[in-house]
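The values are calculated or read from the model by the stated rules, or taken from the named source; none is laboratory data. All values reported here derive from a predicted model rather than from experimental measurement. So basically every Cβ, Gly included, is an ideal-geometry build from the backbone, and we count neighbours across all protein chains shown.
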Amino acid sequence: MKTITVTELRGNIFKLLDEVLRTGIPIEVNKGGAKLRIVPAEPSNKLRNLISRPDVINGDPEEIVDVSWEREVNFDLP
């Protein structure tokens, strides 16, 4: 959890609130020794942040167990 001062909160409040909403990770604010937390009211959906990876194999992993790489690899190393 990130801890910030009230001055940092005042200077970056919109950025910090967006960060809490995007990540779901609370921010702790230290005000004269007392601690406050900014937390999302509802839990965030972390799967929403996943990036699409079209080059990743999509299917049954058992199908790639017997893949032959002999034509792909040169075993004649110097």
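Residues that are part of a helix (DSSP H, G or I) and either surrounded by 10 or more Cβ atoms within 10 Å (Cβ to Cβ) or acidic (D, E) (or both) within the stretch 59-78 comprise E62, E63, listed in sequence order. A search for C-beta distances below 9 Å between a residue of the stretch 30-56 that is at negative phi and modelled with pLDDT of 80 or more and any residue that is among the aromatic types (F, W, Y) and exposed (fewer than 10 other Cβ atoms within 10 Å of the Cβ), counting only pairs 6+ apart in sequence or on different chains, returns nothing. Yes or no: the stretch 59-72 includes at least one residue that is modelled with pLDDT of 85 or more and over 19 Å from the mean Cα position of the chain (by Cα). No, the stretch 59-72 contains no residue that is modelled with pLDDT of 85 or more and over 19 Å from the mean Cα position of the chain (by Cα). When V20 is tested against (1) among the β-branched types (V, I, T); (2) over 15 Å from the mean Cα position of the chain (by Cα); (3) at pLDDT below 95, just one condition goes unmet, and that condition is (2). Of everything in the stretch 25-58, what is surrounded by 10 or more Cβ atoms within 10 Å (Cβ to Cβ), assigned to a loop (DSSP other than H, G, I, E, B) and not β-branched (V, I, T)? Give them in sequence order. Residues satisfying the conditions are P26, P40, S44. For the stretch 1-49, a residue qualifies if it is in contact with a Leu (Cβ under 9 Å, 6 or more places away or on another chain) and small (G, A, S), and exactly one does: S44.
Residues of the stretch 1-20 that are more than 10 Å from I38 (Cα to Cα) and of a type in the set (A, V, I, L, M): M1, I4, V6, L9, I13. A Cβ distance below 9 Å, combined with a sequence gap of six or more or placement on separate chains, defines the contacts here; from the stretch 10-26, residues that are under 9 Å from P40 (Cα atoms) reach residues that are loosely packed, with under 12 Cβ neighbours inside 10 Å in the pairs G24/P43; G24/N45; G24/K46; I25/M1; P26/M1; P26/R37.
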